[in-house]
Amino acid sequence: MDYHTGDIIMVTVTSIENYGIFVKVDDKYNGLIHISEMSDSFVSNVRNFAFPGETIYAKIMDVDKDKKQIKLSIKSIDYRLTSQKGRLMESPNGFNKLKELLPVWIETKLKEIDCNE
């Protein structure tokens, strides 16, 4: 694919450093969203903007065809594909509570099914 400055493309976050977010653009190109291209406001934590494995939109700022690298920005676009409100987060205790309760829920549901037959 041929990339141009100003294009908005879909990328996948591969890793996060204090200075920016590294992304995979396609099989040939990788990219970086530098901390200065995340917000017009002060960015205290880059990890508040994305997480590894997430697919987001990014705007192309510059393309280095020789190095197969793209400089990207998210500060002037709606970069999230979906809301993160419903994202399941592991608690400090892990998923142990779910592990404990799942058999109880299954047993309750099986009894409910047996009663309805």
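Throughout, read-outs are computed from the coordinates displayed, never taken from laboratory work. Since this is a predicted model, take the numbers as computed values, not measurements. All Cβ positions, even for glycine, are placed from backbone atoms using ideal geometry, and neighbour counts span all protein chains on display.
State the extension gain, in nm to one decimal, for the chain segment bounded by residue 101 and residue 15, taking 0.36 nm per residue of separation less the distance between their alpha-carbons.
Working: separation 86, 0.36 × 86 = 30.96 nm, distance 3.37 nm.
Contour length minus the Cα-Cα distance gives 27.6 nm.
For a Förster distance of 35 Å, can you work out the FRET efficiency between the beta-carbons of residue 108 and residue 51, rounded to the nearest 0.05?
Numbers: r = 34 Å, r/R0 = 0.97.
The value I calculate is 0.55.
Taking the mean number of other Cβ atoms within 10 Å as a proxy for protection, how do you rank 45-53, 32-40, 104-112 from highest to lowest?
Values: 45-53: 13.9, 32-40: 16.4, 104-112: 9.9.
The most tightly packed comes first, giving 32-40, 45-53, 104-112.
Efficiency by 1/(1 + (r/R0)^6): what FRET value for residue 40 and residue 64, r their Cβ-Cβ distance, R0 = 30 Å, to the nearest 0.05?
Here the calculated transfer efficiency is 0.75.
Could you give the distance between the Cα centres of segment 63-83 and segment 22-46, to the whole Å?
Each part's Cα centre sits 7 Å from the other's.
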